[in-house]
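To start, the structure itself, in C-alpha cells.
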Amino acid sequence: MVDVLRVPFPVLQSSPSLSFKPRLCPLIPPSRRLHLKSNSLLFPLFCSSPSFFKLPLRCSSSSMPLQLSSLSQDSLLYSRAYWVTKTIIAWNVDVVEGSCYLYASKVAALSVTDNGIQGHDLEIKLEEDRSGLPPNVIEKFPHIRDYRAFKLPPVLDAKNLVKCQLAVAEFNSQGKCRNATGLQLPGVLDELFSYDGPLGAFYSAEAVSLCLWAPTAQAVYAHIYKDPVGGCPLEIIPLEETNGVWSTKGPKSWEGCYYMYEVSVYHPSTLHIEKCYANDPYARGLSADGKRTLFVNLHADDLKPEGWDELEDMKPDILSFSDISIYELHIRDFSANDDTVNADFRGGYMAFTLKDSAGVLHLKKLSKAGITHVHLLPTFQFAAVDDEKENWKYVDSKILEKLPSDSAEQQEKITAIQDDDAYNWGYNPVLWGVPKGSYSSDPNGPCRIVEFRKMIQALTHIGLRVVLDVVYNHLHANGPFDKDSVLDKIVPGYYLRRNTDGFIENSTCVNNTASEHYMVERLIIDDLLSWAINYKVDGFRFDLMGHIMKRTMVKAKDALCSLTKERDGVDGSRIYIYGEGWDFGEVAKNGRGINASQFNLCGTGIGSFNDRIRDAMLGGSPFGPPLQQGFVTGLLLEPNGHDHGTKDVEKAMLASAKDHIQVGLAANLRGFVLTDFEGKERKGSEVLCYGGTPVGYAFCPTETVNYVSAHDNETLFDIISLKTPVGISVEDRCRMNHFATSIIALTQGIPFFHAGDEMLRSKSLDRDSYNSGDWFNRLDFTYNSNNWGVGLPPKQKNENSWPLIQPRLADPSFKPQRSHILAAVENFTDVLCIRYSSPLFRLRTANAIQLPFVTLRTHHSETEDQRLLPPVSFSLFKNGSIKR
C-alpha cells in the first residue's frame, strides 16, 4: 500500500482541456474501495462533487496483475459494450461470481497483454443491476434489450471521461480476465450533450461566429484560409468548449474566406488520439471537391437572383398533395447531350435557365399536360465526380457511334474512365447541405449557390415545383483519414450506426447513419430546413427511407410544415416528402427502433413508393428471374418461353396481379374493399404478396407513390423489351410502354415517372446505370433516338444477362423510330391531360376513393377476359390508343 494517491489533475470538475497538473489527495481506507489504479499514477477521478470520496476505493499495485487467456490487443478494436446513460453500461456478458471494470486512458494507451489491461489512468469497478436495462434504454436501443446492465457511480464526471479511450473487462472469481472490449457512446452522449443551439457559421454586421458540436474532442482549432486551395492559413484559432459545443468569434473579414477544423479526438477505428482535418458538418458553401468550407452568408443580397425573394408568390398552386405528379430527372442527363444548349451550360444547373432548348421545351410540354414536380437526383456535394471540369476524361462519342449495337467495346471504353468522367448518380454523400460543385460554372466561391437558385427559379417559371433527392441513410466515407470523411472525424463512432461488435453497418451500401441518435436526427432536420428556406425547395425524396427512424421523418415533416411565408419566406404546408420505405438490414422489423417503413408510416401523410403495382405490372421483381412476366409484359397472353408453371398457374398469377393493380389504382389503401379474382370481397390489407405481406398499406392516398420505373433497374421500355417475346413487333412494345405509364397516370395517389418513360427511353438494357457515363444514360429531347442498341451494357452489373441482351440489341426491329417516340410523347401527355381534366382522378380521402370503385364494379358487366383487367383500364385503351 502507499500513503497517497497521485492524481494527475484536479479531483473535482476537470477543465475542458484536461490539463495534467499533479495533485495529491489523502488515501482512502481499503475498506472503502472503488479500485482505482494505474502503475501508481492515477487518472483524475472525474468527480463532479466532493461526495465522490464517499465511494469505496482501493489501491492496487503492479504486483497484482490481471491475467488474460485468449484475449489480445484486437479485443479493443471491438466495441461490444454500450454506455447508454450516465450511470449505466450495457454489456452482453454473464458475470456470475466475477466482476467487471471500466478503464480509461486520455492518451489512448490501453493495451491488452498477458499481464492484463495496461496503460489505463482510471479503473472503476462496475456493479450489475439485476433489474436490467430501463425501458427508455430498451426503446432507444431495442437490439440490446437482453444485455446486462452495469452501474457506474452517479457522481462520475462522465462529460470528461467520454474524451478518453474507454474499455471494459470482465474477470472470473479468481481474477482472471475473460473478456475485454471497447464502448459505444451514443447513448451517454445523447443524454449529456443533446443540444438545440446554433451550429455552423453565423453572420452579424460586425462578426462571424463558429459553433461545432464535438463532445468527445480534446481540442478543436479553426484554420482560416484566404484561397480555396493551397497556401498557409491566415490564422489558426482555438475554439473554446461549453458542454460539448466548441465556439469562437472572428472578424467580418472572414466572410468570403475558407476554413477547416482541426479536431483532436480518440478514434475507435485506429485506437489512437487522431488529429483530424474536416469540413464543417453545417457547411453551406465549399471550395472545389470539398477541400475547404466557405464562409458564406446565404442571406446576402448578392447571392440572390433578381426576384428571388418573391419566388414563393410565383409557385404554381397545389390545392392538395393529391394533385401532385412527379417527373424524376438527373441534372446531367437533362442537358449533357443537348446540342441546343450552350456548351458551357451542358450538364449543369444553368441548362435549366434557357428559354427554348430542346429539354426546356419538353419540360414545358409536360408541365402544360399536368406534371407538377421535377424530382432531381442528388444535388448535394457527393463524391466520385471531380468538381473541376478540366480533370474529366471523355470517350469520343463518334467512335462509339460506329460500333455495332451489340458490341462490348462501348462499355469497355466507358468503364475504363468511369471513375474519372463527369457522371455519377450521386448517391455518395459527402456533405448534405451544399449544392454539388461539378454542376456549376465555378466550383469555388458562391457560384454554385447562385446557379442552383437560378435553376429553381427557372423551373418555377415554367410551372414546375422542385423535389430534391436526399440521402441521409449513409455517407460515402468514414474514419480519420479519408478526404471525404466529415462526420466520423468530428465525433467518431456517433453519426454512423454500428453493429453489436462495434463495426459500421453497411446494409444501405456503405456507412449507414444513425438517425436514432439525437444529433444525427437534428442534423437531418436542420439540413432539410436549410434547403427549404434558402433554396425554396418544394419537396424531398428520401433515399432508403426505411433506414431512417419514423420519429425523425415525422419531426422533419412537422418542422417543414411549420414554415411560413411571413417568417421564413416559404409556405411549408406545401412541401411534400416521400421515399423508399423498404424494410431490410439491421433496421428490419423495428430492429433499431420504429423505422420509416411502408407499414410504419401509415397515418403520417408521408409517401412511400408502391413496389406492389410495379411488380404486378412488370412481373417478378428486380431481383427475380429477368424473363418473369407480368400483367403488362405478356403473362399468359404473350408467352416468352419462361417457365411460369402450367396454364392454370399462369392464370392464377395474372388474376393475382390484377388484384394487386386494382389495389394500386385505389392508392394502395389498406382499407379499400375490392372483389378479388375469386369473387370474394377483401380489403387491400387482406390481399397478399411477397410471402404473405399485405398489398395495401396506406391510410390516405398521398401516402402512396405509384410507379412502374425509376432510375434504379432497367428503364420501362428496356424491361418490356427484355420480358416480352422476341417475335412481337416494336409497335406492340410501344403500346405496352404506353399502357404501363397510363395505368400509373390514372391511379389514385401520386403518380411518379422516370424521365424518358414518355419517350421510350433506353439505356441499352443496363440494369444499374449509376456509373455508366453519359453514353448509356443519354436523353434525346429532339426525339430522334431513344438510345436503344448503343452496345452491351457495362459488364460489372449486366454480364450474367448478356446472353439474353445481345440478340435483342443486335436485332434492328427492336429499335423504335422517331415516329414511335413522337407518338409515345403525345399519348403520355394526353393521359396526363385526362388525369387533370377531373378531380375524380385525384381524390383526397380514402372514403372518396372507395365509392367510385363500388359504383364501377356494380355497373360493369364483365367478361372473363375483362376480369383480368383492373376497373377503368380496359375502357380507356383499344388498339394502343386512348378513346376520348
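The values are calculated or read from the model by the stated rules, or taken from the named source; none is laboratory data. Note that the structure is a prediction, hence the values are computed from the model and not measured. No Cβ is skipped: glycine too gets one built from the backbone with ideal geometry, and neighbour counts run over all protein chains shown. Note: accessible area is taken over every heavy atom of the protein model, side chains too, but ligands, DNA and RNA are not part of it. Shrake-Rupley method; radii C 1.70, N 1.55, O 1.52, S 1.80 Å.
Just a few scattered comments:
- Filtered residues of segment 482-499 (kept if assigned to a loop (DSSP other than H, G, I, E, B) and surrounded by 19 or more Cβ atoms within 10 Å (Cβ to Cβ)): ASP484, SER485, VAL486, VAL491, PRO492, GLY493, TYR494, TYR495, ARG497
- CYS689 falls short on exactly one of the conditions (1) touching a Lys or Arg at 6+ places or on another chain (Cβ under 8 Å); (2) buried (at least 20 other Cβ atoms within 10 Å of the Cβ), and that condition is (2).
So that you can scan it fast, the table gives a plain yes or no per residue for (1) within 30 Å of GLY749 (Cβ to Cβ); (2) open to solvent by 10 Å² or more (accessible area, probe 1.4 Å):
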{"residue": "GLY348", "(1), (2)": "no, no"}
{"residue": "PHE352", "(1), (2)": "yes, no"}
{"residue": "ASP386", "(1), (2)": "no, yes"}
{"residue": "PRO404", "(1), (2)": "no, yes"}
{"residue": "SER407", "(1), (2)": "no, yes"}
{"residue": "GLN410", "(1), (2)": "no, no"}
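- Taking segment 583-612 as the range and being open to solvent by less than 10 Å² (accessible area, probe 1.4 Å), closer than 15 Å to ASN473 by Cα and either assigned to a helix (DSSP H, G or I) or at pLDDT below 95 (or both) as the test, only VAL587 passes.
- Residue list for segment 366-405, filter: closer than 30 Å to PHE828 by Cβ and touching an Asp or Glu at 6+ places or on another chain (Cβ under 7 Å): THR372, HIS373, HIS375, LEU376, LEU377, PRO378
- Scan of segment 180-199 for residues that are touching a residue at least 60 places away in the same chain (Cβ under 8 Å) and not in a helix (DSSP H, G or I), ordered by number: ALA180, THR181, GLY182, LEU183, GLN184, LEU185, SER194, TYR195, ASP196, LEU199
- If the condition is being part of a strand (DSSP E or B) and more than 24 Å from LEU166 (Cα to Cα), then segment 241-260 contributes SER247, THR248, LYS249, GLY250, PRO251, TYR258, TYR259, MET260.
- Yes/no for GLU580 being crowded, with 20+ Cβ neighbours inside 10 Å, within 22 Å of the chain's Cα centre (by Cα) and of a type in the set (Asp, Glu): yes
- Residues that are polar (S, T, N, Q) and open to solvent by 30 Å² or more (accessible area, probe 1.4 Å) were ranked within segment 613-638; the one that is farthest from LEU804 (Cα to Cα) is SER621.
- Scan of segment 811-830 for residues that are open to solvent by less than 50 Å² (accessible area, probe 1.4 Å) and assigned to a helix (DSSP H, G or I), ordered by number: PHE814, HIS820, ILE821, ALA823, ALA824, VAL825, ASN827, PHE828, THR829, ASP830
- Residue check, GLY569 surrounded by 19 or more Cβ atoms within 10 Å (Cβ to Cβ) and of a type outside the set (Val, Ile, Thr): no
- Selected residue (only one of GLY463, GLY479 is small (Gly, Ala, Ser) and open to solvent by 20 Å² or more (accessible area, probe 1.4 Å)): GLY463
- Checked against the criterion of being without any contact (Cβ under 8 Å) to a residue 40 or more places away in the chain, assigned to a loop (DSSP other than H, G, I, E, B) and in contact with a helix residue (DSSP H, G or I) (Cβ under 8 Å, 6 or more places away or on another chain), segment 520-529 has no qualifying residue.
- Test set (1) buried (at least 19 other Cβ atoms within 10 Å of the Cβ); (2) assigned to a loop (DSSP other than H, G, I, E, B) - ASN342 fails condition number: (1)
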